Amino acid sequence: TSPIAYQEGDVVNINVNGLHSIKNIVPYDYYYAPFCQPEVLVSRHETLGEILSGENQRSSPYYLNMMIDDNCNRLDCRTTLTSSQAPSLRSLSKTSTVPTWSSTTWRPSKTP
């Protein structure tokens, strides 16, 4: 995929890749945690190596506008943890699991 030449104000979609930990070699799917999801969830693998290593770029509801200083914007999304999700989220926290994000050169969803 060739890079995109963004202009000032262009929307840059943010992809999510997974939940990775320095204490656990097996990554989790990003949406294993109760994070907000886009209306249409799109996955994309670039190479066989990404598939074998568990890398999985997915669309997200996050975006930014190129070269525009902006405060954090609130997503129109709320999640409530169920009693079965809370221990899983606690476990992710204890293993220093963090999300991996990246900007995109593909446009999986309509821009805001």
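The values are calculated or read from the model by the stated rules, or taken from the named source; none is laboratory data. If you're wondering where the values come from, they're calculated on a predicted model, not measured in any experiment. Positions of Cβ are backbone-derived with ideal geometry, glycine not excepted, and every protein chain shown enters the neighbour counts. Heads up: the accessible areas ignore ligands, DNA and RNA and are worked out on the full protein's heavy atoms, side chains in. Shrake-Rupley method; radii C 1.70, N 1.55, O 1.52, S 1.80 Å.
Based on Cβ point charges of +1 for Lys and Arg and -1 for Asp and Glu, what charge dipole magnitude is obtained for the chain about its Cα centre, in debye rounded to the nearest 20?
Approximately 480 debye in magnitude.
Counting heavy atoms of the protein chains only and a 1.4 Å probe, report the per residue accessible area for the chain as a whole number of Å².
70 Å²
Taking only DSSP H segments of four or more residues, each worth -39500 (n - 2.57), what value at 222 nm results for the chain once the sum is divided by all its residues, to the nearest 500 deg cm²/dmol?
-4000 deg cm²/dmol
Which of 59, 84, 38 sits closest to the plus end of the dipole of the chain, meaning its Cα is farthest towards the positive end, when Lys and Arg get +1 and Asp and Glu get -1 on the C-beta?
It is 84, whose Cα lies furthest towards the positive end.
Relative to the longest principal axis of the chain, what angle (0 to 90°, nearest 10) does the C-alpha long axis of helix 85-94 take?
So the inclination is approximately 80 degrees.
How do 34-43, 65-74, 13-22 rank on mean C-beta neighbours within 10 Å, highest first?
Ranked by mean Cβ neighbours within 10 Å, highest first: 13-22, 34-43, 65-74.
Taking just the alpha-carbon atoms of the chain, what radius of gyration and Dmax come out, in angstrom?
Just the Cα atoms of the chain yield Rg and Dmax of 15.4, 45 Å.
Could you look at the chain and say what percent of its accessible area is carbon and sulfur, using a 1.4 Å probe and all protein chains?
Using a 1.4 Å probe with all protein chains present, the chain comes out at 53 percent carbon and sulfur.
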